[in-house]
Amino acid sequence: MTADGGATWARREYHAGMGTYPTVPLAEIELSGPEVWMQGNEYREAAFATLRREAPVRFFKEYEIPNWPTGPGYWALTRYDDIVEASRRPDIFCSGQGTNITDLPQEISEFFGSMISMDDPKHARLRGLVQKGFTPRMVAQVEQYVHDKARLLVDQALERHPDRSCDFVETFAASLPLQIICEMMGIPPEDEARVFAWTNVILGAGDPDYGGTFEALMQASVEMYEYAHALGEQRRDHPRDDITSALMQAELDGQRLTTQEFGSFFILLVVAGNETTRNAISHGMKALTDFPEQRRTWWDDFQRHQRNAVEEIVRWSTPVISFRRTATQDTEMRGVPIRAGDKVVYWFNSANRDEERFEDPQRFDIRRSPNAHLGFGGGGPHFCLGASLARREISVMFDEIRRRLPTMEVTGAPAMLQSNFIHGIKSMPCAW
Ligand code: HEM
């Protein structure tokens with residue numbers, strides 16, 4: 001959730017984020033407020049470069065949201081190595097006290113209180129229940145389905161857009177991940193549009209285009225939760241071959257999941273599985289348009305570059321910008337004291353541009369290897385459960401585009417989501 005609580009943030013310009021950019025003075029940088037996120041990509045890249053260089057562990061106040069208690073502030077980690085180190089010490093940097101920068105009200109936390117905001121052993125037990133559905137082997141099993149869906153999307157695009165232009169996000173990027181996760185969860189196709197609208201409101205909570213308000217967030221959460229409840233009950237009585245049935249049948253310490261546990265789990269899976277991959281695909285298409293020589297290289301030998309290209313798209317786009325932890329004890333990072341109870345925020349976007357880790361990090365290079373980016377997290381227990389699935393989806397979508405719409409390119413500026421959590425593209429014109 002973003003922290004602007006309905007404040008009107010001006011729309012950001014989209015820049016490719018390459019080349020030289022002016023230095024942003026440290027004193028000017030304010031990560032909590034909308035300013036840095038309203039600026040173009042170049043400004044943001046420069047601001048994070050300053051932080052990495054001059055203050056890699058820096059304290060920020062929290063943004064004041066009207067009618068919302070202002071939190072105590074947080075430490076921002078912006079260096080790759082620090083985020084990896086902290087991610088692998090969940091005993092010191094825990095998730096159980098919240099993973100959004102802003103503390104969410106109790107009634108909202110309950111809806112999102114799934115494993116991403118839990119610590120082991122509870123987290124490990126819940127994750128153990130669902131992870132069987134996401135192993136590379138299981139992903140290989142849905143592979144054909146992913147191909148079929150991607151093919152169908154291109155068929156529909158050709159049929160519905162005889163003028164050979166459309167909105168890329170709606171037509172390609174958003175549909176594929178949504179259909180795949182709905183299929184895996186057993187959500188019928190006729191309900192997909194509703195699920196899509198809820199996930200937009202939940203992850204776009206700070207953006208006026210998606211409702212923007214606390215009430216809208218609350219309403220979408222309740223509706224999705226009730227939907228999950230009904231689907232869960234149905235599958236408990238009439239199991240099918242889907243993740244919902246597996247979860248409703250599974251036992252955790254001799255007990256079934258409660259409806260509340262299932263509801264939160266459902267929301268997490270659907271939201272996490274949808275919005276992230278769709279943004280990776282959209283940013284990928286934009287990057288392949290901005291850097292045509294990279295596209296040529298990939299298209300010329302798709303299989304050979306596929307693995308590296310997908311990793312580079314995830315590094316380049318970093319669809320999940322940040323996640324928060326809370327210190328469980330007094331500790332320090334680069335000599336900066338952090339007290340028990342302090343919030344600590346991992347800025348994955350910055351780690352993925354860390355000059356000490358990536359050669360020429362502002363260059364989009366589909367051949368980049370090694371490419372141990374932190375787009376799926378810094379390692380540790382919360383590493384993205386859906387990484388294998390996301391990689392397959394991105395790869396299959398671009399394979400389909402390459403084969404059938406090889407000249408496709410982005411033809412106008414993307415409309416960016418206003419968020420310091422999700423690096424989102426709401427819409428983006430394309431033509432082929
Ligand atoms: C390009 C697409 C994706 C990106 C960039 C992404 C990114 C992330 C990140 C950064 C985290 C947190 C890692 C941490 O705190 O250490 C995460 C966790 C998670 N992701 Fe993804 N994700 C993507 C796709 C997916 C998909 C397709 C699914 C499932 C269908 C999924 C399900 C999850 C879940 C369940 C968690 C929580 C894991 C836990 O707490 O144990 N993600 N993801």
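General observations
- Ranked order, 116, 338 - accessible area, probe 1.4 Å, largest first: 116, 338
- Segment 320-367 - percent relative contact order, Cα under 8 Å, separation 6 or more: 33 percent
- Net length available on complete extension from residue 161 to residue 26 is 43.8 nm, with 0.36 nm assigned per residue and the Cα-Cα distance removed.
- Shape class for segment 292-414: prolate, because the ratio a/c of the largest to smallest gyration tensor axis (alpha-carbon atoms, square roots of eigenvalues) is 1.5 or more and a/b beats b/c.
- Computed Rg/Rh of segment 65-137, alpha carbon atoms with Kirkwood Rh: 1.03
- Zero-based 10 Å bins, Cα pair distances in the chain, whole percents: 4, 22, 33, 28, 12, 1, 0
- Taking the accessible area of the chain, probe 1.4 Å, and keeping the other protein chains in place, the carbon and sulfur fraction comes to 49%.
- Order of exposure, largest accessible area first, which applies to 404, 339, 127 with probe 1.4 Å: 339, 404, 127
- Surrounding net charge for residue 193, when Lys and Arg each add one and Asp and Glu each subtract one, Cβ distance under 14 Å: -4
- Oblate is the label for segment 103-230, because a/c, from the alpha-carbon gyration tensor with a ≥ b ≥ c as root eigenvalues, is 1.5 or above and a/b does not exceed b/c.
- If you sort 315, 160 by accessible surface, 1.4 Å probe, largest first, the order is 160, 315.
- Annotation: aspartates and glutamates with alpha-carbon distance below 19 angstrom to residue 132 (same-chain offsets under eight excluded): 120, 143, 183, 241, 242, 251, 253, 261, 393.
- Accessible area per residue in Å² at 1.4 Å probe, computed on the chain: 41 Å²
The values are calculated or read from the model by the stated rules, or taken from the named source; none is laboratory data. Just so it is clear, the structure is predicted and the values come from calculations on it, not from any experiment. Neighbour counts are summed over all protein chains in view; Cβ atoms, including those assigned to glycine, are modelled from backbone coordinates with ideal geometry. Please note that ligands, DNA and RNA were not included when accessible areas were found on the heavy atoms of the full protein model with its side chains. Shrake-Rupley method; radii C 1.70, N 1.55, O 1.52, S 1.80 Å.
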